[in-house]
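Trainee: Pasting a structure below so you can have a look.
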Amino acid sequence: LVSSLYFLISGEIFKLSLALSLPGFNLVFNIDRLSAFFILLAALISLLASIYAFDYLKHYEGKYNLGWLGFFYNIFIFSLFLVPAADNILFFLVVWELMSIASYFLVIFEKDKPENIKAGFIYFLMTHVGTAFILIAFLLLNKYTGLSDFSAISAVAGQIPASILVLIFITSLLGFGMKAGIIPLHIWLPEAHPAAPSHVSAIMSGVMIKMGIYMLFRLFVDVLPNLPLWMGVVVLILGAASALLGVLNALAEHDIKRLLAYHSIENIGIILLGLGSGLIFITLGLKGLAAVALVASLFHVINHGIFKALLFLGAGSVINATHTRNMEEYGGLIKRMPQTALYFLIGSLAISALPPFNGFFSEWLCFQSLFAGINLGGSLSLLFLISAGFLVLTSALAAACFVKAFGISFLARPRSEEAEHAKEVGSSMLFGMGFLAGLTLIFGIFSGTISNLLLKTTIGLKNLSGASIDSIFNFNNLRVASDWSVVSAPVIFGGLLLALLITIGAVYLISRKNKVQSGRTWDCGNDLKPRMEITATGFSRSIVTIFQGVLKPTRQTTVEYHDDEMRYFPKRQSVDLGRHDSYQQHFYAPLKKISYWLSEVTKKIQNGNVNAYILYVFLTLIVLLLITLR
């Protein structure tokens, strides 16, 4: 944490190369401001998640081997530091695989649950398909530059043919987009994140998926030459789609960790909106606008890491107390877990982009970038206008979703025995959540200072070289905001404290003058029961119905009768509301069928006849000889 802060603030570059006997494989480290920024994110979230884990892991004692958890957990954190630091292609692939394997074993840690094993399998499969695409991109980079280090490739990347650049862009976007959870490459994310222990989920969502974003930044803005316009447009469209579809899927969820996982997809979409805008502006030569857009993207990277880690840790505390992830079985937890409720509320306000919390300021910068793009004219104006509309709708739906998440979980009355008897969590869990809650406010108040630091990070990247700070679009306002936030911080805090004291004093005086008496809520003589409360399903059903073309809701009614003779008098009737997984049905199911068909065809070749195998070898040799002669 300390060293990454040093390199981020000072701008110094750390380089270290350790030669190995393997050809092309050297331990090459290169830490610039961009690398230091992502290492800082990993260190910050890992530190607080680890403190949280002291009390959280107690409920695993006696059930699972915590030694194995600690083993893979530390390897996982170690790999998160190495990924942004690795400069050699093969070295990067090794630490990338280390990160994937370690996180896989953390996902299946509770191995007695079949759903966790299934989630782990999907994650394992998807992450290695992604790695295959990454490998193709790196092989192409190596072939057409003859180099193995990213910093060296960057200097000669202009010689890569245009057609090969397209292949590198597509394979990189697929490979790293799969890790980031871009729709429709996201199907592993809502399965794996809920399965892992909650402090691991916080790191996976807050940090690991951002490593895919880091490499998109590194390749598209720092290693490769200026990309064609259509590539930035593709990134922008994927960002808008991921943001809106992510929040819509979150609204339909009642599993608290799956809901948060879908919100990770939404926020990755917001980050891509900034990145896509930046790539378009770079292509058009508008480096000032590009710098602001990329600052918005990076600012949201760390903001999302903070408030999403806070929300996952809050969810873990609730699950630890109630032993279920189903929000329909919560309720009334604000009286039993007041500190957890406060921290979850702060996280909900931050992710809903409400000031003065950090989520507001990075989304505001993203809006500024999109509004600037509307002034470009032509079809690009329409594209930026639609993207801005998607972001507006996403922000509103996110706020609605967390009204549901907080209200259903913490307010009203308990809807289960577990919620009725829930107790506040231990001090280490509260410290981890409390520190992150404080950071959401600090990063909001000092947003100008952080934006200035991130601006220095972006203009240090190759494709933004030549962009001076004074030439940045509207940067003077940003710099004034920075100076104001530093100089006037005591004034801000003093004003907030004064407003709080005035409010408390007014409430005290009013309550003293008018004696307030508490009594049972009157309900026409009936006792209030949990079944009278609005449910998570009821809260979101109208929105799900509005977007039924996307979410594909289902309804199944089951009626149970007393017997055949009394079939007109139902004993019990139940309604099961669900939804179809469109991605599985229309995208992955056809791929599954094709893979099965290819397997059947391939199986005929493997017929057990040695003569046939010799023939295959002979034909292969003939083909290779012909290629060599040519």
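The values are calculated or read from the model by the stated rules, or taken from the named source; none is laboratory data. What you see is a predicted model; the values in this text were computed from it and never measured. Counting neighbours? That spans all protein chains shown, and the Cβs are built from the backbone with ideal geometry, glycine included. Accessible surface is based on the protein model in full, side chains and every heavy atom, while ligands, DNA and RNA are left aside. Shrake-Rupley method; radii C 1.70, N 1.55, O 1.52, S 1.80 Å.
Trainee: Relative contact order, percent, of region 236-348 when contacts are C-alpha pairs under 8 Å separated by at least 6 residues?
Mentor: For region 236-348, the relative contact order is 25 percent.
Trainee: Here is a follow-up. Go through W522, W68 and list them by solvent-accessible area, largest first, probe radius 1.4 Å.
Mentor: My answer, sorted largest first, is W522, W68.
Trainee: Suppose only helical runs count, i.e. DSSP H with n ≥ 4. What mean residue ellipticity at 222 nm does that imply for the chain under -39500 (n - 2.57) per run, divided by all residues and rounded to the nearest 500 deg cm²/dmol?
Mentor: -23000 deg cm²/dmol
Trainee: Related question: For the chain, just say rounded, prolate or oblate: build the C-alpha gyration tensor, square-root its eigenvalues into a ≥ b ≥ c, call rounded for a/c under 1.5, and beyond that prolate if a/b exceeds b/c, oblate if not.
Mentor: Here the chain falls in the oblate category.
Trainee: Before anything else, pin down the relative contact order of region 109-207: Cα pairs under 8 Å, at least 6 apart, normalised by residue count, whole percent.
Mentor: The normalised contact order for region 109-207 reaches 39 percent.
Trainee: Could you give the length gained on full extension between N514 and L598, defined as 0.36 nm per residue of separation minus the Cα-Cα distance, in nm?
Mentor: Gain on stretching N514 to L598: 22.4 nm.
Trainee: Sticking with this structure for a sec: Across all directions of projection, what mean area in square nanometres is found for the Cα convex hull of region 238-358?
Mentor: So the Cα hull casts an average projection of 7.8 nm².
Trainee: Once the whole set of protein chains is in place, how much accessible area is left on R336, using a 1.4 Å probe, in Å² to the nearest 10?
Mentor: Roll a 1.4 Å probe over it and R336 shows about 60 Å².
Trainee: Quote the FRET efficiency, to the nearest 0.05, computed for I627 versus I9 with a Förster distance R0 of 60 Å and r equal to the Cβ-Cβ distance.
Mentor: Between I627 and I9 the formula returns 0.65.
Trainee: Right, here's the next one. Kirkwood Rh, region 156-277, all Cα pairs: how many Å?
Mentor: Evaluated over region 156-277, this radius sits at 14.8 Å.
Trainee: Can you send over the solvent-accessible area of Y214, 1.4 Å probe, protein chains only, in Å² to the nearest 10?
Mentor: Counting only protein heavy atoms, the figure is 10 Å².
Trainee: Determine how large the accessible area of T545 is when every protein chain is in place; take a 1.4 Å probe and give Å² rounded to the nearest 10.
Mentor: 70 Å²
Trainee: Okay, moving on. Please list, short to long, the whole-number percent of alpha-carbon pairs of region 1-109 in consecutive 5 angstrom bins beginning at zero.
Mentor: Over region 1-109, the share of Cα pairs per 5 Å bin runs 2, 12, 18, 19, 17, 14, 9, 6, 3, 1 percent.
Trainee: For a test of the definition: using alpha carbon positions, the gyration tensor, and the 1.5 limit on a/c, classify region 505-619 as rounded, prolate or oblate.
Mentor: prolate
Trainee: While we're here: Report, by chain and number, residues whose modeled amide H sits under 5 Å from the one on V28, excluding near sequence neighbours (fewer than 5 apart, same chain).
Mentor: Sorted by chain and number, the residues that satisfy this are L18, D87, N88.
Trainee: How large, in percent, is the carbon and sulfur part of the accessible surface of the chain at a probe radius of 1.4 Å?
Mentor: 66 percent
Trainee: Kindly write out, for region 113-125 in residue order, the coupling ³J(HN,Hα) from the Karplus curve 6.51 cos²θ - 1.76 cosθ + 1.60 (θ = phi - 60°), rounded to whole Hz, with x marking Gly and Pro.
Mentor: Running phi through 6.51 cos²θ - 1.76 cosθ + 1.60 with θ = phi - 60° gives 9, x, 5, 6, 5, 5, 4, x, 5, 4, 5, 4, 5 Hz.
Trainee: Between L16 and F78, how high is the FRET efficiency from 1/(1 + (r/R0)^6) when r is the Cβ-Cβ distance and R₀ = 25 Å? Nearest 0.05.
Mentor: 0.95
Trainee: With a 1.4 Å probe and all protein chains left in place, how much accessible area per residue does the chain have, in Å²?
Mentor: Here the per-residue accessible area is 46 Å².
Trainee: Please compute the contact order of the chain in relative form: average sequence separation of alpha-carbon pairs under 8 Å and at least six residues apart, divided by the residue count, as a percent.
Mentor: 13 percent
Trainee: Taking the Cα centroid of region 120-159 and of region 524-602, what is the distance between the two, rounded to the nearest whole Å?
Mentor: Cα centroid to Cα centroid, the span is 42 Å.
Trainee: Between K529 and K462, what length in nm is gained on full extension when 0.36 nm per residue of separation is reduced by their alpha carbon distance?
Mentor: Going from the current span to full extension adds 17.8 nm.
Trainee: Which length gain, in nm to one decimal place, applies between T503 and I374 when the Cα-Cα distance is subtracted from 0.36 nm times their residue separation?
Mentor: Length gained between T503 and I374: 42.2 nm.
Trainee: Ratio to report: Rg/Rh of region 283-345, with Cα atoms as the point set and Rh obtained by the Kirkwood method; give two decimals.
Mentor: Result for region 283-345 is an Rg/Rh of 1.30.
Trainee: OK, next. What dipole magnitude, in Debye to the nearest 20, does the chain give about its Cα centre under +1 on Lys/Arg Cβ and -1 on Asp/Glu Cβ?
Mentor: Magnitude of the dipole: close to 340 debye.
Trainee: Go ahead and collect, in residue order, the members of region 163-203 whose backbone nitrogen is under 19 Å from a label point 7 Å along the Cα-Cβ direction of K63.
Mentor: It comes to 192-202, nothing else.
Trainee: Mind ranking Y568, Y613, Y52 by accessible surface for me, highest first, 1.4 Å probe?
Mentor: I get Y568, Y613, Y52, largest accessible area first.
Trainee: Could I ask something else about it? Explain nothing, just compute: Karplus ³J(HN,Hα) = 6.51 cos²θ - 1.76 cosθ + 1.60, θ = phi - 60°, for every residue of region 306-319 in order, whole Hz, x for Gly and Pro.
Mentor: Working through the residues one at a time gives 6, 6, 6, 4, 4, 5, 5, 5, x, 4, x, 5, 5, 5 Hz.
Trainee: Additional query: Determine the order of V575, V610, V295 by accessible area, beginning with the largest, at a probe radius of 1.4 Å.
Mentor: Result of the area sort, largest leading: V610, V575, V295.
Trainee: I want the local charge near T558. Using Cβ-Cβ distances under 12 Å, sum +1 for each Lys or Arg and -1 for each Asp or Glu among the other residues.
Mentor: Surrounding charge for T558 is +1.
Trainee: Collect residues whose amide H, placed 1.01 Å from N in the peptide plane, falls under 5 Å from the amide H of R579; neighbours closer than 5 in sequence don't count.
Mentor: Sorted by chain and number, the residues that satisfy this are T554.
Trainee: Calculate one ³J(HN,Hα) per residue across region 406-418 by plugging θ = phi - 60° into the Karplus curve 6.51 cos²θ - 1.76 cosθ + 1.60, and present them in order as whole Hz with x for glycine and proline.
Mentor: 6, x, 5, 7, 10, 9, 6, 10, x, 10, 7, 4, 4
Trainee: A follow-up question, please. Can you tell me how region 401-465 classifies by the Cα gyration tensor, rounded, prolate or oblate, using a/c under 1.5 as the rounded cut?
Mentor: It is prolate, given that a/c is not under 1.5 and a/b is the larger ratio.
Trainee: I've got another one for you. When we measure straight from the Cα of K111, which lysines land under 24 angstrom away, once same-chain ones fewer than 8 places off are left out?
Mentor: By straight Cα distance, K111 reaches K58, K63, K179, K257.
Trainee: Please list, in chain and number order, the residues 5+ apart from T324 or on another chain whose amide H is under 5 Å from its amide H, with Hs placed from the backbone.
Mentor: Residues meeting the criterion, in which the H sits 1.01 Å from N, do not exist here.
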